[in-house]
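Here is the structure we will look at, set down as structure tokens.
The values are calculated or read from the model by the stated rules, or taken from the named source; none is laboratory data. Being a predicted model, the structure only gives us computed values, none of them experimental. Cβ placement follows ideal geometry from the backbone for every residue including glycine, while neighbour counts extend to all protein chains displayed.
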Amino acid sequence: MAGYRFDFHGAALEARGSGALWWAARRVLVVSDLHLGKSARMARRGGALLPPYEGRETLHRLEAEIRATDAACVICLGDSFDDLDAVALPEDEAEWLARLMAGRDWIWIEGNHDPAPIAPGGRNAAELRLDGLVLRHIARPDARAEISGHYHPKARLAGQSRPAFLLDGARVILPAFGAYTGGLDATDPALQDLMGATARAVLTGPAALVMPLPRPARARRG
């Protein structure tokens, strides 16, 4: 799966077509917003009943990325679980996750859905600073050299909406990696206010595609 390589504050990074971010020099794989247990959470709260297979699909995609990169460290940028009850995964998914974690440094960044999750192994952090970069769940307007998630950004190309990385000189925002996750269009004010004038969107897919960050259409004057 072809990715888009770029330099970010001294780090050579790759936005992969899967939605994962790869830092080859450190063998670090970064993913965001897995939202494991979403279908179970919706069922518990009386919401729409979704097929309970999103956890397996998400873990399958994550395993493929770990194998493709031979990652030594995996950093999950928050909302890894859809709520704190979702940490108790079905037995088969819990065993699958344990196999992926075995022999690797695994870091769970706290999200708004899963503050301080008691995850099965690994270690928790509110945020992480690594070689001058800061990794956290939600972007801060005044931040520099920041990698975050939370917004599930998407961008449109030829009428189709695809999950996308957003990046500029100050920050990188990852798309959601989970199988059952919606998205926020890149033209939304919440994202437009964060991203600079030269920002780019990297659309995910079989080949990552880079384009200027889409801007909202100007309202027509009467």
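Restricting attention to segment 59-80, the residues that are among the hydrophobic types (A, V, I, L, M, F, W, C), outside any helix (DSSP H, G or I) and more than 15 Å from R99 (Cβ to Cβ) add up to 5. The residues of segment 193-217 that are closer than 11 Å to P153 by Cα and either surrounded by fewer than 18 Cβ atoms within 10 Å (Cβ to Cβ) or of a type in the set (G, A, S) (or both) amount to a single one, A201. Based on this model, can you work out whether E95 counts as modelled with pLDDT under 95 and touching a helix residue (DSSP H, G or I) at 6+ places or on another chain (Cβ under 9 Å)? Here the answer is no, as E95 does not meet what is asked. Considering segment 101-134, and only residues there that are surrounded by fewer than 14 Cβ atoms within 10 Å (Cβ to Cβ) and basic (K, R), the residue that is modelled with the highest pLDDT turns out to be R129. Within segment 173-198, the residues that satisfy the criterion of being at pLDDT below 95 and touching a Ser or Thr at 6+ places or on another chain (Cβ under 6 Å) are G178, A179. P52 - would you say it is in contact with a helix residue (DSSP H, G or I) (Cβ under 6 Å, 6 or more places away or on another chain), modelled with pLDDT under 85, more than 27 Å from G3 (Cα to Cα) and outside any helix (DSSP H, G or I)? Yes. Only residues that are at pLDDT 95 or above and not in a strand (DSSP E or B) were counted in segment 199-209, giving 2. The set of residues in segment 140-156 that are of a type in the set (G, A, S) and surrounded by 22 or more Cβ atoms within 10 Å (Cβ to Cβ) comprises S148, G149, A155.
Scan segment 134-172 residue by residue and report those that are acidic (D, E) and part of a loop (DSSP other than H, G, I, E, B).
Taking segment 134-172 and keeping what is acidic (D, E), we get 142, 146, 168.
Within segment 134-172, D142, D168 qualify.
Filtering segment 178-188 for residues that are within 17 Å of L77 (Cβ to Cβ), in contact (Cβ under 8 Å) with a residue 12 or more places away in the chain and touching a Leu at 6+ places or on another chain (Cβ under 6 Å) leaves a non-empty set. Of all residues in segment 134-169, those being without any contact (Cβ under 8 Å) to a residue 24 or more places away in the chain and among the basic types (K, R) number 1.
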